[in-house]
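*Asks:* Below you will find the structure I want to go over with you.
The values are calculated or read from the model by the stated rules, or taken from the named source; none is laboratory data. Fair warning: this is a prediction, and the values are worked out from it, not measured in the lab. Cβ atoms come from the backbone with ideal geometry, glycine included; neighbour counts cover every protein chain shown. Keep in mind that these areas ignore ligands, DNA and RNA; they rest on the heavy atoms of the full protein, side chains included. Shrake-Rupley method; radii C 1.70, N 1.55, O 1.52, S 1.80 Å.
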Amino acid sequence: MVLHQLCTLEENKAPLELADLPDPVPGETEILVKVSACGVCHTELDEIEGRTPPPRLPVVPGHQVIGRVEETSSKASPFKIGDRVGIAWIYSACGKCKFCLEGNENLCSSFKATGRDANGGYAQYMTVSEDFAYLIPDVFSDLEAAPLLCAGAIGYRSLRLTGLKDGQNLGLAGFGASAHLVLKMARHQYPNSKVFVFARSVKERAFAKELGAVWAGDAEEESPEKLEAIIDTTPVWKPVVEALKNLEPGGRLVINAIRKEEIDKEYLLKLDYPTHLWLEKEIKSVANVSRRDVSEFLELAAEIPIKPDVQEFTLEEANKALVELKTRRIRGAKVLKID
Ligand SMILES: [Zn+2]
Ligand SMILES: [Zn+2]
């Protein structure tokens with residue numbers, strides 16, 4: 001499924017077109033992967049609608065890819081034919097800059113994203129450098145593993161960046177695919193911490209409590225206790241401004257969104273310095289993922305285990321999945337099953 005032209009989903013409910021492309025040929029130190037599942041992510045909407053546009057079109061989107069190795073470049077490859085691998089948002093980085101050398105290749109100026117800067121997994125085949133593919137633990141089915149590669153790995157990085165310690169209160173603003181995985185991780189890694197959830201829909205709040213949140217309320221509500229850290233996974237501004245009043249002095253709010261939508265940007269004018277930022281409150285964003293985040297998270301997810309609720313679509317139904325993602329927030333992660 002190929003993106004030829006940027007557009008909004010309101011203008012065009014079928015931005016991707018089914019196309020027959022030649023099978024990609026792996027370059028030196030690359031593997032050819034036969035794709036079996038690919039998760040559908042909010043970032044695809046950001047790409048299609050131009051908030052994080054692909055540098056070149058056409059492009060095949062998709063960055064939560066599960067498949068089997070069909071070809072390796074050399075005998076020295078870390079993978080064998082038939083290995084089940086995952087490919088995440090990080091497609092490549094330079095490997096030489098200070099960020100790459102310290103393990104923060106997500107910040108590399110040559111960072112390339114799967115399905116935006118290179119063809120991704122809304123396809124039967126893709127190629128990737130053998131340094132940017134991960135073995136998938138056996139406990140997961142292909143469909144279960146796919147959403148872990150983005151929502152899960154980035155959620156893991158967000159949680160890491162909060163600097164939370166066991167026993168401290170954590171808030172989650174927004175309760176979509178990534179946040180529900182973060183809640184499961186937080187309960188496991190910080191068993192004495194209480195989790196508070198801010199979500200618009202009553203259904204999402206009920207789901208959060210089912211998963212172990214001690215409290216769930218609307219975005220503008222005040223939490224019953226102050227919070228040492230908050231992770232925002234919404235695409236808009238109101239939840240950020242509203243969440244800041246619930247932070248402890250010295251607390252940190254981590255924004256986990258590749259781009260924010262412009263629709264409620266004027267809400268930022270409600271930012272009141274003494275209420276929202278004074279007393280050393282911090283705001284930090286999360287950019288992409290590093291390989292360490294993906295591998296550590298896969299290990300953690302297998303140990304807990306975290307198995308996302310999945311809603312299955314065929315490859316041809318990719319547009320339908322994207323429209324549903326844009327217009328309705330249903331429980332669980334959308335995944336394309338690819339034959
Ligand atoms: Zn994603
Ligand atoms: Zn680099």
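*Asks:* Please determine, by comparing only the residues of segment 38-53 that are touching a Cys at 6+ places or on another chain (Cβ under 9 Å) and assigned to a loop (DSSP other than H, G, I, E, B), which one is farthest from ligand 2 (Cβ to nearest atom).
*Replies:* Among those that are touching a Cys at 6+ places or on another chain (Cβ under 9 Å) and assigned to a loop (DSSP other than H, G, I, E, B), it is 49.
*Asks:* From the list 334, 284, pick out the single residue that is in contact (Cβ under 8 Å) with a residue 40 or more places away in the chain and closer than 16 Å to residue 178 by Cα.
*Replies:* On the way: 284 fails: closer than 16 Å to residue 178 by Cα.
Result of the check over 334, 284: 334.
*Asks:* Right, here's the next one. Here is a list of conditions, (1) touching a Ser or Thr at 6+ places or on another chain (Cβ under 8 Å); (2) within 16 Å of ligand 1 (Cβ to nearest atom); (3) within 22 Å of residue 3 (Cβ to Cβ), and residue 106 meets all of them except one; can you say which number that is?
*Replies:* In the conditions (1) touching a Ser or Thr at 6+ places or on another chain (Cβ under 8 Å); (2) within 16 Å of ligand 1 (Cβ to nearest atom); (3) within 22 Å of residue 3 (Cβ to Cβ), residue 106 misses (3) alone.
*Asks:* Count, please, the residues in segment 184-223 that happen to be part of a strand (DSSP E or B) and in contact with a Gly (Cβ under 9 Å, 6 or more places away or on another chain). I'd like the intermediate steps shown before the answer.
*Replies:* Taking segment 184-223 as the starting set, the residues that turn out to be part of a strand (DSSP E or B) are 195-198, 215-217.
Going one step further and asking which of them are in contact with a Gly (Cβ under 9 Å, 6 or more places away or on another chain), we end up with 195-198.
Qualifying residue count, segment 184-223: 4.
*Asks:* Looking at 318, 301, which is the one that is buried (at least 20 other Cβ atoms within 10 Å of the Cβ), over 27 Å from residue 188 (Cβ atoms) and modelled with pLDDT of 95 or more?
*Replies:* Numbers: 301 fails: over 27 Å from residue 188 (Cβ atoms).
Of 318, 301, the one residue that is buried (at least 20 other Cβ atoms within 10 Å of the Cβ), over 27 Å from residue 188 (Cβ atoms) and modelled with pLDDT of 95 or more is 318.
*Asks:* Out of 181, 164, 148, I need the residue that is out of contact with any Gly (no Cβ under 7 Å at 6 or more places or on another chain), open to solvent by less than 40 Å² (accessible area, probe 1.4 Å), assigned to a helix (DSSP H, G or I) and not acidic (Asp, Glu). Which one?
*Replies:* 148
*Asks:* Could you go through segment 134-144 and let me know if any residue there is of a type in the set (A, V, I, L, M), within 12 Å of residue 308 (Cα to Cα) and at pLDDT below 95.
*Replies:* Filtering segment 134-144 for residues of a type in the set (A, V, I, L, M) gives 135-136, 139, 143.
Pick out the ones that are also within 12 Å of residue 308 (Cα to Cα) and you get 143.
Then keep just the ones that are at pLDDT below 95; that gives none.
Looking through segment 134-144, none of the residues is of a type in the set (A, V, I, L, M), within 12 Å of residue 308 (Cα to Cα) and at pLDDT below 95.
*Asks:* Among the residues of segment 89-110, which ones are open to solvent by 70 Å² or more (accessible area, probe 1.4 Å) and either more than 9 Å from ligand 2 (Cβ to nearest atom) or without any contact (Cβ under 8 Å) to a residue 60 or more places away in the chain (or both)?
*Replies:* 96, 98, 101, 102, 109
*Asks:* Another question about this same structure. Which of (1) more than 16 Å from ligand 1 (Cβ to nearest atom); (2) farther than 18 Å from residue 23 by Cβ; (3) touching a Leu at 6+ places or on another chain (Cβ under 8 Å) does residue 86 not meet, given it meets every other one?
*Replies:* (1)
*Asks:* Going by the structure shown, is residue 81 under 24 Å from residue 142 (Cα atoms), among the aliphatic types (A, V, I, L, M) and buried (at least 21 other Cβ atoms within 10 Å of the Cβ)?
*Replies:* Values: under 24 Å from residue 142 (Cα atoms): yes; among the aliphatic types (A, V, I, L, M): yes; buried (at least 21 other Cβ atoms within 10 Å of the Cβ): no.
So residue 81 does not fit the description; no.
*Asks:* Here's another thing I want to ask about it. Applying the selection to segment 272-290, what residues are open to solvent by 80 Å² or more (accessible area, probe 1.4 Å) and part of a helix (DSSP H, G or I)?
*Replies:* 273, 274
*Asks:* Just for segment 126-145: of the residues that are among the hydroxyl-bearing types (Ser, Thr, Tyr) and not in a loop (DSSP other than H, G, I, E, B), which one is nearest to ligand 2 (Cβ to nearest atom)?
*Replies:* Taking segment 126-145 first, the residues among the hydroxyl-bearing types (Ser, Thr, Tyr) are 127, 129, 134, 141.
When the remaining residues are screened for being not in a loop (DSSP other than H, G, I, E, B), the result is 127, 129, 134.
Working: 127: 21, 129: 13, 134: 19 Å.
Within segment 126-145, the match that is nearest to ligand 2 (Cβ to nearest atom) is 129.
*Asks:* Go through segment 224-258 and count every residue that is open to solvent by 40 Å² or more (accessible area, probe 1.4 Å) and in a helix (DSSP H, G or I).
*Replies:* So the first thing to find is which residues in segment 224-258 are open to solvent by 40 Å² or more (accessible area, probe 1.4 Å), and the list is 224-226, 228, 237-238, 248-250, 252, 258.
With in a helix (DSSP H, G or I) added as a condition, the list becomes 238.
Of the residues in that region, 1 qualify.
*Asks:* When residue 9 is evaluated against the numbered criteria (1) part of a loop (DSSP other than H, G, I, E, B); (2) open to solvent by 40 Å² or more (accessible area, probe 1.4 Å); (3) away from ligand 1 (no atom under 16 Å from the Cβ); (4) not acidic (Asp, Glu), which criterion, by number, is the only one it fails?
*Replies:* Of everything listed in (1) part of a loop (DSSP other than H, G, I, E, B); (2) open to solvent by 40 Å² or more (accessible area, probe 1.4 Å); (3) away from ligand 1 (no atom under 16 Å from the Cβ); (4) not acidic (Asp, Glu), residue 9 misses just condition (2).
*Asks:* Looking at segment 28-47 only, could you name the residues that are of a type outside the set (Gly, Ala, Ser) and more than 16 Å from the chain's Cα centre (by Cα)? Quick ask: steps written out before the conclusion?
*Replies:* At the first step, the residues of segment 28-47 found to be of a type outside the set (Gly, Ala, Ser) are 28-35, 38, 40-47.
Result: 28, 29, 30, 31, 32, 33, 34, 35.
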